[in-house]
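The values are calculated or read from the model by the stated rules, or taken from the named source; none is laboratory data. Please read these numbers as outputs of a predicted model, since none were measured by experiment. Here Cβ is always computed from backbone atoms with ideal geometry, including for glycine, and neighbour counts include all displayed protein chains. Side chains are part of the model used for accessible areas, which takes the heavy atoms of the whole protein and leaves out ligands, DNA and RNA. Shrake-Rupley method; radii C 1.70, N 1.55, O 1.52, S 1.80 Å.
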Amino acid sequence: MFGISPSARLRPSPFFEATRAEGVTAFTTYNHMLMPTSYGHPEAEYWRLLNGVSQWDVAVERQVQLLGPDAGRLAQILCARDLSKCKVGQGKYVPLCNHAGSLINDPILLKLAEDRYWLSIADSNIWFWAGAIAAERGLDVEVSEPDASPMAVQGPKAEEVVAALFGDWVRGLKYFWFRETAIEGIPVAVARSGWSKQGGFEIYLLDGSQGTKLWNLVKEAGRPWDIGPGNPNFCERVESGLLSYGGDTDAQTNPFEVRMGAYVDLAVPDDVVGIKALRRIHAEGPKRHQLGVILEGETPTELGFLWHEIRQGNRKVGDMTNCVWSYRLKKNIGFALVGTDCQPGDAVEVVKDGQVLQGTLTALPFI
Ligand code: THG
C-alpha cells in the first residue's frame with residue numbers, strides 16, 4: 001500500500017533483521033514500534049498456526065518494570081485484580097483501568113521477585129501512567145523499561161519445539177507461569193502464554209543485541225516440525241474470541257463490557273485506581289456487552305480503519321469492532337460491542353462502506 005519512513009521514534013524490534021530475512025511483507029505500529037503482520041501468505045500462515053507451529057516477533061509487547069520495596073503495592077494499585085496470592089514465577093492477565101473504570105490496557109503481569117514486576121502491555125503508554133501514580137502516591141518504586149522482548153512460538157507443535165530447545169521442564173509450565181533461563185549464553189524467560197488459543201510459549205529475549213541469534217535458534221529447533229514465520233493471527237484470534245485492547249475498545253469501555261469481569265476483584269482495597277467506579281458500574285449493570293456477529297454472504301471482507309455501525313431497524317445498537325473471513329466457519333465474522341438488550345440469535349444490520357449487510361449476533365468465542 002505504502003512504505004514506512006524510518007525514524008528514531010519508531011523503534012525496531014530486536015528481531016527486525018530476522019523477520020526481514022524471513023520475507024515480512026507488512027507491519028503495524030504498536031507501542032511506538034513496528035510489528036510484522038504478514039509474510040504474504042495469510043491462509044498458509046493461519047493453517048500453520050492451527051496444525052503446526054508458528055514463530056512470531058511480538059517484541060512490541062513491551063514490559064513496564066516496577067522495581068523496589070513498593071513494587072507489589074504499585075502493581076496492586078494499578079490492577080483491578082487481586083494480586084495478593086500471585087507467586088514469583090507466575091503471570092496473570094489483568095485489567096488496568098483509569099479512575100472512571102475505563103480500560104486503559106490489558107497486560108499480562110509477571111511477578112519476577114517480591115520487589116520486581118513486569119506489566120507486559122498492549123498498545124498504550126503505561127510507563128507514564130505507572131510513574132505518575134507512583135509519584136502521586138509517594139511510593140518507593142522505580143518504573144522503567146527493561147531490555148525484554150517477547151517472541152511467541154504458537155501452535156499444537158510449539159511444545160515440542162520449545163522442549164527441544166530448553167528441555168522437558170517446559171512441558172510442566174502452567175498457563176502464564178514462566179522461568180528465567182539461558183540458551184547458548186542468551187538470557188531469556190520462557191512463559192506458557194501467547195495471543196492464540198492453539199497453545200504455545202513466549203520466549204522473552206533479555207539481551208536485545210541477540211535477536212537474530214535467538215530467532216535462528218528457534219527456527220533451527222523447529223525445522224523437524226516445519227516451523228515458519230507468522231504473527232498474532234487476526235482470523236484465529238477473532239474465531240477464538242481474544243480481545244484486542246484499542247481495537248475492540250474505546251475510551252469508555254469498561255472490563256465488564258468486554259468479558260473481563262472475571263479478572264476484576266471488587267474486594268481489592270479502595271486505593272486501587274478505578275475500583276470505586278468499577279463497583280458502581282457493576283452495581284448498576286454495564287450498558288454494553290461483547291458478542292460475536294456472523295455476516296451473511298460468501299465474499300471475504302475486512303473492517304478497514306473504522307468501526308461499523310450495527311443497527312436494528314433504524315436504531316443504532318452498537319458497533320462491529322473487527323471483521324475477518326473465517327477460514328473454518330467460511331463466513332465473515334467479527335465482534336459486536338452492543339447494548340445489553342441485544343442477545344445472541346438477534347438479527348442485525350451492519351453498515352459497511354455505505355452498504356447494509358445482514359448479520360446475526362452470537363456468543364463468543366465463535367470456536
Ligand atoms: N503476550 C505478552 N504480552 C501481551 C500480550 C501477549 N500483552 C498485551 C496483550 N497480549 C494482552 N492481551 C491478552 C489477551 C488475552 C490473553 C492474553 C493476552 C489470553 N487470554 C485467555 C482467554 O481470554 O481465554 C486466557 C486468560 C486467562 O485464563 O487468564 O491468553 O500475547 N507477553
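Hey, which of these cross-link pairs are over 21 Å Cα-Cα: 85/111; 92/174; 92/287; 157/197; 87/174?
With Cα atoms farther than 21 Å apart: 92/287.
When the Cα centres of region 168-246 and region 273-294 are compared, how far apart do they sit, in Å?
Result: 32 Å between the Cα centres.
With label points built 7 Å along Cα→Cβ from the Cα atoms of residue 223 and residue 182, find their separation and express it in nm.
2.6
Would you list which lysines come within 20 Å of residue 352, measuring only between C-alpha atoms, while excluding same-chain residues fewer than 8 positions from it?
316, 330, 331
Put +1 on the Cβ of every Lys and Arg and -1 on every Asp and Glu Cβ in region 231-293; which of 283, 254, 269 then has its Cα farthest towards the positive end of the dipole?
283
Figure the gain on full extension for residue 197 and residue 263 (residue separation times 0.36 nm, minus the Cα-Cα span) and round it to one decimal in nm.
Extra length available between residue 197 and residue 263 comes to 21.9 nm.
Add -39500 (n - 2.57) for each DSSP H run of 4 or more in the chain, then divide by its residues: what number comes out at 222 nm, to the nearest 500 deg cm²/dmol?
Here the helix-only value at 222 nm equals -6000 deg cm²/dmol.
Roughly speaking, what is the stretch gain from residue 128 to residue 44, that is 0.36 nm per residue apart minus the C-alpha to C-alpha distance, in nm to one decimal?
Fully extending the segment from residue 128 to residue 44 adds 26.3 nm.
Please give the residues of region 114-154, grouped as numeric ranges, whose backbone N is less than 19 Å from a label point set 7 Å along the Cα-to-Cβ vector of residue 8.
Counting backbone N atoms under 19 Å from the label point, the list is 145.
Around residue 206, what is the net charge, scoring Lys/Arg as +1 and Asp/Glu as -1 over all other residues with Cβ under 9 Å from its Cβ?
Net charge around residue 206: -3.
Multiply the residue gap between residue 99 and residue 340 by 0.36 nm, knock off their C-alpha separation, and tell me the result in nm, one decimal place.
84.4 nm
Can you give the net charge of the other residues whose Cβ lies under 12 Å from the Cβ of residue 335, counting K and R as +1 and D and E as -1?
Result for the local shell: -1.
Can you compute the modelled spin-label distance between residue 84 and residue 163, with each label point 7 Å from Cα toward Cβ, in nm?
For the pair residue 84/residue 163, the computed spacing is 3.8 nm.
What ranking of 128, 234 comes out by heavy-atom accessible area, probe 1.4 Å, highest first?
Output order, biggest surface exposure first: 128, 234.
Measuring with a 1.4 Å probe in the full set of protein chains, what accessible area per residue, in whole Å², belongs to the chain?
43
Grab the other residues whose beta carbon is less than 13 angstrom from that of residue 130, score K and R as +1, D and E as -1, and report the net.
Every neighbour counted, the sum reads -1.
Could you point to the residue in 41, 164, 177 farthest towards the positive end of the chain's charge dipole, with +1 and -1 charges on the Cβ of Lys/Arg and Asp/Glu respectively?
Of the candidates, 177 comes out farthest on the positive side.
Within the chain, what whole-number % of the accessible surface is contributed by carbon and sulfur, with the 1.4 Å probe and all protein chains included in the calculation?
Roughly 52 percent of what the probe reaches on the chain is carbon or sulfur.
Roughly how many Å² of residue 2 are accessible to a 1.4 Å probe, to the nearest 10?
Only protein atoms counted, so the area is about 150 Å².
Taking the highest mean first, how do the peptides 114-127, 70-83 order by number of other beta carbon atoms within 10 angstrom per residue?
With the highest mean Cβ count within 10 Å placed first, the list reads 70-83, 114-127.
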